[in-house]
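Handing you this structure, nothing more for now.
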Amino acid sequence: MAEEMRVVLRNYGKINPLKITDYLSVGGYEALKKARTMTRKAVIEEIIQSKLRGRGGAGFNTGQKWAFAHKTQDDQKYVICNADEGEPGTYKDRMLMENDPHAIFEGMAICGYAIGANKGYVYCRGEYPHLITILKTAIYQAKQHGILGDFDIEVRTGAGAFVCGEETALLESIEGHRGEPRIRPPFPTQKGLWQKPTVVNNVETLANIPVIIDKGAAHFAAIGAPTYPGTKILTLTGDVNNRTFFEIPTNTTIREVIFEFGGGIPGDKKFKAVQIGGASGAFIAANSLDTQISFDAMSAINSTLGSGAVYVLDETRDIIDVTTRIARFFEHESCGKCAPCREGTARLHELMWKLNSGRGSAKDITLLKKLGRVMSITCLCGLGQAAPTAILTTIERFSDDYEAKLM
Amino acid sequence: MGYKQILDAYKNIPGGMIEAFNAIQDIYSYLPEEAIIEAAKVFNVPVSKVYDVTTFYSMFSIKPRGKNVIRICQSAPCHVAGAAEVVAALERELGIRIGESTSDGKFALETTECVGQCQDTPVITINGKPYMGVTPATVVDILAEYK
Ligand SMILES: Cc1cc2nc3c(=O)[nH]c(=O)nc-3n(C[C@H](O)[C@H](O)[C@H](O)COP(=O)(O)O)c2cc1C
Ligand code: FES
C-alpha cells in the first residue's frame, strides 16, 4: 500500500496557525536563520540541487528562476507568493495557508534573501476572505517577533478572475490594473512588478523551501520521481470514495491515487475517466492509470499534473456534458486581450453545446480539433493555450461518447 | 465607514484601488457610482480607467444588488454533484433568477467558478462564507440565517 508523506503539510493539525510560538516550537524559521548564514549563491545552489520544480503548474526549476532574479541587477526586487488558486477542484494552497502560514512566509523570506529582495506580496484570491485575516495576523506576529528582519510582506486580495493566477496578469492586478497577461519576454525575473525583477512562486513551492534548506538538497532530491522530486498535494473530487486531500511522493501512480488513497469508485461502478490539473487538464482513460503523477511522466502521456486536482468520473457520467461545462469555464474566464482566446473560447463552447444537445455533426468535431490546435499555438497565455485540452483529449480518448451524441 | 474614508485609507498604497474596492463592497455590497468617480480623483486616473478595472473582476458589481450575495459554484466538480438542482432551489425559494436581486434588497443570486471548497460539493458562498454539501433541502435553512 502506497503511503502518504507529509513534507509541505508537515505541521498540518500540529500547530495553531495563529500562534507564531507554535511554529517556532517545531523548528520554524530555523531554516531562514540558517540561510542567512550562507551566501546568497549557496542558497540558490542548494535549491537548484534539490531539483525542486514549481507546483503552480508550469514545473519550472525553482532555483533556476531565483538565479535569474539574483543575476538581474536592480535596487528593488520582489518576491510574490501566488495564492490565486483558481483551477477548479483545487484547494491545496488554501489548506497550506490555513494551517501553516509561516512556512510560506519563511520560504518567501529565504527567497528574498537569496535574490536580494526586501519586499514580498501574497496575492490571495478574493474567494478566500477568511484567509486574508489569517495571513495578516500571522504577518503581524512575525513582524512583532522581528523574525523577518528587513523583509516586509504585504497581502493583496484578488477579486474573482482565474486569469490573475497567470504570473504576469497577477502582476498587473497587484499594480491595480485589469488582470491581463503581459507579453513575455521580458520575464518577471527581469521586469516584473513595477518593472522590477520579481520571483513569482506558488504557495506549495514556497512551503518546500524551508525543508530543503533545513535537511539539504540531497534529502529532498531523493524523494519521489528523480526529475520532479518531492511530494505533491492532490485534491480528489468527483466519483471517488475519499473526496479529500493527500500529500504523496511524486512517483505515485494515478491508479494508486484513485484506488488506494481515493478508495476507488463509489457504488461498485466502473472507472471511466480522470482529469488531472483542473479545467486545464487532460482527461485520462483507464489504459494510462499506471502512469506516475510526476510532471514528466504525465507529459509523456500528453497530460499534465497541473495544480494536482484529481477529478474522477464513473462509467455513468456523460463526459460530453462535463466537457461542455469546462468549455463554458474558459469562455467565462478568458480575459479578452488576445483574439484567439476571446473568440476561440466562445466558439469552443458553442460547438460543445451543440454536440452536447445532440445537434452536432462529425464536421463540428473536425472543427473543434482544428480550432483547438490553433488556440494551443496562438493564444497569448496558458489560459487560452490550455482551454482546448479537455476537448481535444476527450475527442481522442472517448470518441465513442462523441459518436453517440451525433445528430 | 463610508467610501470616502475607505478610499482615503488606500490612496497611498501603490495599486491600492482594487484593495479599496474590496473594502467598499464589504460594506455596500456593490460599487456605487459616486465611489467610482471619487476613486478616479483619489487615484488620479480617468473615470474610464476605473470602470476598466471594476468591470474586469467578477466579484465587483457596478450595479446595486442585494445585501447578501449568494454565489453558486458551477465548476465541473460541483456540476456533477448537483449544482443545477441547487440553483433551481434557490431561484424557487427567492423568487428570482440568477443575476437578479430580491425586491426587498436582501439577496443577490449569482453563479461563480470554483471557490476552492471542493472537498464537499456542491458549494455555495454567501458574502464569501462557504456552505458545503448543499442540497435543495438544506438551502432553505441556510437562507434562514440571513432573513
Ligand atoms: C490561466 C493561468 C492560471 C494560473 N493560476 C495559477 C495559480 O492559481 N497559482 C499558481 O501558483 N500558479 C498559477 N499559474 C502559473 C503561474 O503563471 C506561474 O507559473 C506560477 O505561479 C509560478 O510558480 P511556481 O514556479 O512556483 O509554480 C497559472 C497560469 C495560468 C496560465
Ligand atoms: S468545484 Fe465547486 S467549490 Fe471547487
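Just so you know, all these numbers are worked out from the coordinates, no wet-lab data involved. Because the structure is predicted, anything quoted here is derived from the model rather than measured. Note: ideal-geometry Cβ built from the backbone for every residue, glycine included; neighbour counts use all protein chains shown.
Quick check: Cα centre of segment B:11-48 to Cα centre of segment A:1-48, how many Å?
Here the answer is 38 Å between Cα centres.
Looking at segment B:3-56, I'd like the Rg to Rh ratio, where Rg is from alpha-carbon atoms and Rh is Kirkwood's inverse mean 1/r. Numbers along the way, then the final one.
Working: Rg = 9.7 Å, Rh = 10.7 Å.
Ratio value, two decimals: 0.90.
Defining a contact as two alpha carbons under 8 Å apart and six or more residues distant in sequence, what relative contact order in percent does segment A:225-314 show? Spell out each step's value before the answer.
Values: 192 pairs, mean separation 31.5, N = 90.
Relative contact order comes out at 35 percent.
Rg and Dmax of chain A, using alpha carbons, in Å: what are they?
Both quantities, over Cα of chain A: 21.3, 69 Å.
Are there trypsin sites (Lys or Arg not before Pro) in segment B:42-129 that DSSP marks as loop and that have at most 13 other Cβ atoms within 10 Å, and which are they? Could the numbers behind the result be given before it?
Working: sites: B:LYS49, B:ARG65, B:LYS67, B:ARG71, B:ARG92, B:ARG97, B:LYS106; in loops: B:ARG65, B:LYS67, B:ARG97, B:LYS106.
Answer by residue number: B:ARG97.
When chain A is modelled as a GNM with alpha-carbon springs shorter than 10 Å, which of A:ALA273, A:ALA221, A:ALA286 fluctuates the most?
A:ALA286
Assuming a strict under-30 Å limit between Cα atoms, what lysine pair count do you get for chain B once near-sequence pairs (fewer than 8 apart, same chain) are dropped?
26
Express the Stokes-Einstein translational diffusion coefficient of chain B in µm² s⁻¹, to the nearest whole number, given a Kirkwood radius over alpha-carbon pairs, 37 °C and a viscosity of 0.692 mPa s.
Working: Rh = 16.3 Å.
Stokes-Einstein gives a translational diffusion coefficient of 202 µm²/s.
Are there any GluC sites (Glu not before Pro) in segment A:301-365 that are in a DSSP loop and have at most 16 other Cβ atoms within 10 Å? List them by number. Intermediate results must be reported in sequence, preceding the final value.
Values: sites: A:GLU315, A:GLU331, A:GLU333, A:GLU343, A:GLU350; in loops: A:GLU315.
For GluC sites (Glu not before Pro) across segment A:301-365 that sit outside H, G, I, E and B with at most 16 neighbouring Cβ atoms in 10 Å, the list reads A:GLU315.
With springs only between Cα atoms under 10 Å apart, run a GNM on chain B and tell me which of B:VAL87, B:VAL45, B:VAL69 wobbles the most.
B:VAL45
Step through the residues of segment A:81-91 one at a time and calculate ³J(HN,Hα) from phi using the Karplus curve (6.51 cos²θ - 1.76 cosθ + 1.60, θ = phi - 60°), rounding each to whole Hz and writing x for Gly and Pro.
Taking θ as phi minus 60°, the curve returns 9, 7, 10, 8, 4, x, 5, x, x, 10, 8 Hz for segment A:81-91.
What is the average number of partner chain Cβ atoms found within 10 Å of a Cβ in A:83-95?
On the way: counts 0, 0, 2, 5, 4, 12, 8, 5, 6, 1, 1, 3, 2.
For peptide A:83-95, the averaged partner shielding equals 4.
For a quick check of your reading of the filter: which trypsin sites (Lys or Arg not before Pro) in segment A:77-142 sit in a DSSP loop and have no more than 10 other Cβ atoms within 10 Å? Each step should come with its number before you reach the end.
On the way: sites: A:LYS77, A:LYS92, A:ARG94, A:LYS119, A:ARG125, A:LYS136; in loops: A:LYS77, A:ARG125.
Qualifying residues, ordered by number: none.
Next question. Quick check for me: using +1 on Lys/Arg Cβ and -1 on Asp/Glu Cβ, what's the dipole size of the protein assembly as shown about its Cα centre, in debye to the nearest 20?
Values: 61 positive and 63 negative charges, 223 e Å.
With only Lys, Arg, Asp and Glu charged at Cβ, the dipole is about 1060 debye.
Choose one of A:GLY63, A:ALA285, A:PRO186: the residue whose Cα lies farthest towards the positive end of the charge dipole of chain A (beta-carbon charges +1 Lys, Arg; -1 Asp, Glu; about the Cα centre).
Working it through, the farthest residue towards the positive pole turns out to be A:PRO186.
Also, I was wondering about something else. Hey, in the GNM for chain A with a 10 angstrom Cα cutoff, which one of A:LEU367, A:LEU392, A:LEU236 fluctuates hardest?
Result: A:LEU367 has the largest fluctuation of those listed.
Sticking with this structure for a sec: Rounded to a whole number, what is D in µm²/s for segment A:225-314 from Stokes-Einstein with the Kirkwood radius over alpha-carbon pairs (4 °C, 1.567 mPa s)?
Values: Rh = 12.6 Å.
The estimated diffusion coefficient comes to 103 µm²/s.
Excluding A:LEU348 itself, calculate the net charge of residues whose Cβ lies under 10 Å from the Cβ of A:LEU348, where each Lys or Arg counts +1 and each Asp or Glu counts -1.
On the way: positive: A:ARG328, A:ARG347; negative: A:GLU331, A:GLU343, A:GLU350.
Cβ neighbours under 10 Å give a net charge of -1.
With each pseudo-label sitting 7 Å past Cα toward Cβ, what's the A:GLU403-B:GLU34 distance in nm, one decimal?
Taking the two extended label points, one gets 6.6 nm.
Just how large is the dipole of segment B:1-99 about the Cα centre, in debye to the nearest 20, putting +1 at every Lys and Arg Cβ and -1 at every Asp and Glu Cβ? All intermediate terms of the calculation are to be shown ahead of the outcome.
Values: 10 positive and 10 negative charges, 18 e Å.
Result for segment B:1-99 is approximately 80 debye, rounded to the nearest 20.
For B:SER75, what residues show an amide H to amide H distance below 5 Å, using hydrogens built from the backbone and excluding near sequence neighbours?
For B:SER75, the qualifying residues are B:CYS114.
Moving to a separate point now. Take the Cβ-Cβ distance between A:THR133 and A:ARG342 as r, set R0 to 30 Å, and report the resulting FRET efficiency rounded to the nearest 0.05.
Details: r = 36 Å, r/R0 = 1.20.
Efficiency for this residue pair is about 0.25.
Another question about this same structure. Which cysteines in chain B lack any other cysteine whose Cβ sits under 4.7 Å from their own Cβ?
Cys with no partner Cβ under 4.7 Å: B:CYS114, B:CYS118.
Compute the relative contact order of chain B as a whole-number percentage, counting only Cα pairs closer than 8 Å that sit 6 or more residues apart in sequence. List each step's numbers first, then the result.
Working: 214 pairs, mean separation 29.0, N = 147.
Taking the mean separation of contacting Cα pairs over the length of chain B, I get 20 percent.
If we restrict to alpha carbons, what Rg and Dmax does segment B:68-144 come to, in Å?
Here Rg and the maximum Cα pair distance are 11.1, 34 Å.
Here is a follow-up. Using Cα pairs closer than 8 Å and at least 6 residues apart in sequence, work out the relative contact order for chain A, in percent.
Details: 844 pairs, mean separation 68.3, N = 407.
The value is 17 percent.
Can you give me the long-range amide H partners of A:VAL200? Hydrogens built in the peptide plane at 1.01 Å from N, cutoff under 5 Å, separation of 5 or more residues or another chain.
Here A:ILE80 satisfy the definition.
Which residues' amide hydrogens lie under 5 Å from the amide hydrogen of B:THR111, considering only partners 5 or more residues apart or on another chain, with H built in the peptide plane?
B:ILE72, B:GLY99
At a Förster radius of 45 Å, what calculated FRET efficiency corresponds to the Cβ-Cβ distance of A:TRP194 and B:ARG97, to the nearest 0.05? Each step should come with its number before you reach the end.
On the way: r = 43 Å, r/R0 = 0.95.
That pair, A:TRP194 with B:ARG97, gives E of 0.55.
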